[in-house]
1. So if I check each of 304, 329, which one is within 27 Å of residue 57 (Cβ to Cβ), surrounded by fewer than 18 Cβ atoms within 10 Å (Cβ to Cβ) and at pLDDT 95 or above?
2. How many residues are among the hydroxyl-bearing types (Ser, Thr, Tyr) and in a strand (DSSP E or B) when one looks only at the stretch 224-243?
3. Taking only the stretch 229-271 into account, find how many residues are of a type in the set (Asp, Glu) and out of contact with any strand residue (DSSP E or B) (no Cβ under 9 Å at 6 or more places or on another chain).
4. Specify the residue that is nearest to the chain's Cα centre (by Cα); the eligible residues are those in the stretch 13-22 that are of a type outside the set (Ser, Thr, Tyr) and either within 15 Å of residue 87 (Cβ to Cβ) or in a loop (DSSP other than H, G, I, E, B) (or both).
5. All but one of (1) within 24 Å of the chain's Cα centre (by Cα); (2) crowded, with 18+ Cβ neighbours inside 10 Å hold for residue 159, so report the exception by its number.
6. Could you tell me which residue of the stretch 179-221 is nearest to residue 149 (Cα to Cα), considering only residues that are aromatic (Phe, Trp, Tyr) and surrounded by 14 or more Cβ atoms within 10 Å (Cβ to Cβ)?
7. With (1) modelled with pLDDT under 95; (2) closer than 17 Å to residue 234 by Cβ as the list, and residue 299 as the residue in question, which single condition is left unmet?
8. Restricting the search to the stretch 309-341, which residues are among the β-branched types (Val, Ile, Thr) and touching a strand residue (DSSP E or B) at 6+ places or on another chain (Cβ under 8 Å)?
Amino acid sequence: MATKPLPLAGVRVLDFTWVVAGPVATRILADHGAEVVKIERKLPSMIGDRKRGLQCDLHRDKLSVALNMAHPDGLALARKLAMKSDLVMDNFSARVMQAWGMDYTSLAKIKPDIICISMSGLGHTGPRASYVSYGPTLQALGGYTQLMAEETGEPAGYGYSYADMAGGYTGALAALIALYHKRRTGEGQFVDLSQFEAVVSVVGPALLDIAVNEREQQAPLYNSQEGPAAPHGVYRCGPLGDDDDRWVAISVRTQGEWERLVKAIGAPAWTSDAKFHTLYLRTKNHTELNANLSQWTRQHGAEDAMMILQCAKIAAGIVSNGADICARDPQLKERGFWPGVLRADGGISQITGIPFKLSATPGSVRTIAPEVGENTDAVLGELLGLSRAERDALIASGAIWP
């Protein structure tokens, strides 16, 4: 039976993105069939191996062309590639593409239906438009760092750049919306995406509290932000082998849930104490409540505690570490979330999967991430029709990185 084409087959993306946010956006498009041609500098990688780990994950299913954008012929090649593309994406600061003459105003003159998406840190307008930013600085600007604090009040921040994921998924969504508009009207357009606004928009209930009630936000610690809950937090569990840093998260919001939890943990005497009879009282006496519940969780492994409580329809989940997520999680394993891609040395690199499955035309991971410039010959030869002699001359002139 013939395989159906992927949903974005026939769409070509000229990809100037780098670091994480932009590559996440173009990766989503590539996984669903778009031909993503990545324009890169031929410099030693400072952020990891392209065939393993994060860089492999970010750039799978893409093509890499190494052009010298400081050379006039390198710029000319980039413009020719733009003329054969549907969409040009970057996540530089607002001024970079304009300096190259690769901004929307310039490209629309040679390809009127081009879509340009600029995923800059703070957008192209406003007093901070020219600011340089990375995910952690955007999270600090957006209030996340202040909201993630220790009990002492010292900011803890996020260990990983959540802002990059928010910006990346927003960028992919913006691309699909602009492509749909182009399909209906034949018109291109400029998309001014602010990664700052993308991450602020998903800060959670605190954003509504700020906007509606004009309240200054305090770090929530382990308090429920969506509504009163008790018990609500993370509780130390018994060890797993030599790992004694095992925890389970538990959240109980209703009287019915509390009664089911009491039954599930064997109705110890402390659960009959009047100070825990109602949600209000449990919230008021949460310190003692948590200490009592921890006595039960400490007698169970995190996985067992989760299973016991989930069987009682209580929201509970282990606090996963890397080994839990990558090797032990049966849900991710069953859904094939860790596909493998074949390396030239015959080994397999595991990467993250696609978190949604289309029933008729599911996306797929088809090729391992290319080295910088790995596809230069193929793209310039097949897409632009340059002969071997022409390509050699461009390499000799410095327009193409060897």
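The values are calculated or read from the model by the stated rules, or taken from the named source; none is laboratory data. Remember, predicted model here, so these are calculated numbers, not experimental data. Quick reminder, even Gly has a Cβ in these numbers, built from the backbone with ideal geometry, and neighbours come from all protein chains shown.
1. Every option except 329 fails the conditions.
2. 1
3. 3
4. 20
5. The failed condition is (2).
6. Out of the qualifying residues, it is 196.
7. Of (1) modelled with pLDDT under 95; (2) closer than 17 Å to residue 234 by Cβ, only one is false for residue 299: (1).
8. 314, 318, 319, 341
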